[in-house]
Structures are given as C-alpha cells and as structure tokens.
Amino acid sequence: MNQSLKVVSRRRALASGVSAALLGSQTRAQSKARALALVGDRYHNPDYVRVALDKVFTPLGIKTDYTIGYDSISSSLLKPYDLFLILRDGMIWPQGYLGPDAYPYQQGFENKNDFPAAKSEAWITDEQANAIKEFVSAGKGFYALHNSSHISVSSKTYREVMGGAYIGHPTLRPFKVRITNHSHPITTGIEDFIVNDEQHYVAYDKDPKNILAESDNIDGLDYEGRGTKSIAAWAYDYGKGRVVFTAVGHTIHALWVPQHLELQKRAVRWLLKEI
C-alpha cells in the first residue's frame, strides 16, 4: 500500500478505492477528539485489531484513523491527534517469513534449508521514540496495548514513556484479571474477569501506586518460574499528558469480554481527560 494512503479517513478511502479493511469506522455523533492507532504485526492481523478496537472508539464518538505504517510515525503525523494507541510489537521481518502459523509446516519441507531463517529487526528509531515522548509530554494521551510493551525492549526512550517492558508469555490459556486499584476512574466499579488469552509477563518501572490490575493463573500454572501473576494494567500522568498500559489483547474475544471492553473505554476517556 502506498505510504500516503496508510492513514486515511473512510471517505477518502472509498473515493480512492482503498479497501476499508484497515480503516476505522467514522459513524455516530463525533466528538472533537481524534485518535491514531498503529496496529498489526506478524502475529496480530490488523483487520481483527481494527474490528476489535472499533467497539471501543465508535460508541465514544471518537474519530479514529488506523495505520500499519510503523515507519510513518513522526512528530508531524502525531500532531493533529489527541490520542495515540499502539497494538503491535517492536519487530519487523525484512527478509520475510512463511507466515504466523507456519512453524509446524516448515519443519516438513524437504528443502527447508533452502529458505533463510526468519530474522527480526527493531523498527522504532530514536526520532520516533522522541516523537511519542514529545506528544505525551505536551498533554496528549498514549494507550500502549498488549504487545506494544515489546517495543520497550529496543528503545529506552519508548520504555521511559510507556513505563515497562515485555518479558514473555505462555500459550493461550484462561486466567483472571484482578482489579487491584478500585479508586481510579478507569477501574471504579469494574469487576474481576476471566479471559482466554496470552498472559503477558511484563516489567514495570514506575511507582507501584499507578498499578490498576494484575493477571493471575488461578489454575496454579506459572511461566518460566515467574509465578502465576503479572501486572496487567497501569496508568499515570506523564508531563502534561497521560499514559495507560493494558496487557490483555491477543484475541478479539478477550478484547470484547464485557468488563475488559468497559475498561478500555474508560482508559480512552481518562487519557482524553474526560474522566
């Protein structure tokens, strides 16, 4: 897709013949707020991410542009927006790969040694990380969702804004998300909930008072000796702006668990300083 068409409104997309698969809904009464969402990677198809997040943004009346263009993130691109959301990891694969579900198949190739091993590279640059930092510091909102914590592995500046870093996760399995701070506007009245998802284990660098929730495998299964629990959400002020991280989000049904969906809506509204 042409870079200039990666961030477009639905009206412009329809006029130019671009598929609506990567574009956000622009329906219902619009608020003045605008959001940009960077979505999709090798392991997270941007179409299902867009469909999932539309259930957050559309009821709130927030005009949202979706992009897969990680290389287009810049101060000038972010400037018109009030909220920036990322649901993608920190990796790109310039030499290609067989596919997100190709692991068992490639082992059966008779000539598998003819194909180079997939090798990832970090996509975020220092300039891009600083653009995100300046965006939030100036008073805007940043929503780091699910595997966006992985970007912190390759960028100290991004990690300093986002607040932590990805460690790893077990396979999909049920676990509980337990609210640990019931007094925050994002979590007031939100009940604990169960999801079947990747339980992401993350490091957290900021004040513990900003932690909102934890994940807990109530079946007693740990991950690589790290126990059954990890931090699942946090929120804090950063400069004149705000930052939220929530860890659940690999599957659309986990994103749409009613309590989790409400939590995401509250997170967006808090980032926009509406609550």
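Filtering segment 238-275 to residues that are within 17 Å of HIS44 (Cβ to Cβ), aliphatic (A, V, I, L, M) and assigned to a loop (DSSP other than H, G, I, E, B) leaves ALA247, VAL248. Scanning segment 229-253 for residues that are out of contact with any helix residue (DSSP H, G or I) (no Cβ under 7 Å at 6 or more places or on another chain) and of a type in the set (A, V, I, L, M) yields ILE231, ALA232, ALA233. The test for being charged (D, E, K, R) and within 29 Å of ASN45 (Cβ to Cβ) holds for LYS140. With the structure loaded, tell me whether ALA235 is aliphatic (A, V, I, L, M), surrounded by fewer than 22 Cβ atoms within 10 Å (Cβ to Cβ) and assigned to a strand (DSSP E or B) or whether it fails that test. Spelling it out, it is not the case that ALA235 is aliphatic (A, V, I, L, M), surrounded by fewer than 22 Cβ atoms within 10 Å (Cβ to Cβ) and assigned to a strand (DSSP E or B). Residues that are aliphatic (A, V, I, L, M), surrounded by fewer than 19 Cβ atoms within 10 Å (Cβ to Cβ) and in contact (Cβ under 8 Å) with a residue 40 or more places away in the chain are absent from segment 200-215 altogether.
Bear in mind these aren't lab numbers, they're just calculated from the coordinates by the rules spelled out. Keep in mind that what you see is a predicted model, and the values were worked out from it rather than measured. A quick note on method: Cβ atoms are made from the backbone with ideal geometry, for glycine too, and the neighbour counts reach across all protein chains shown.
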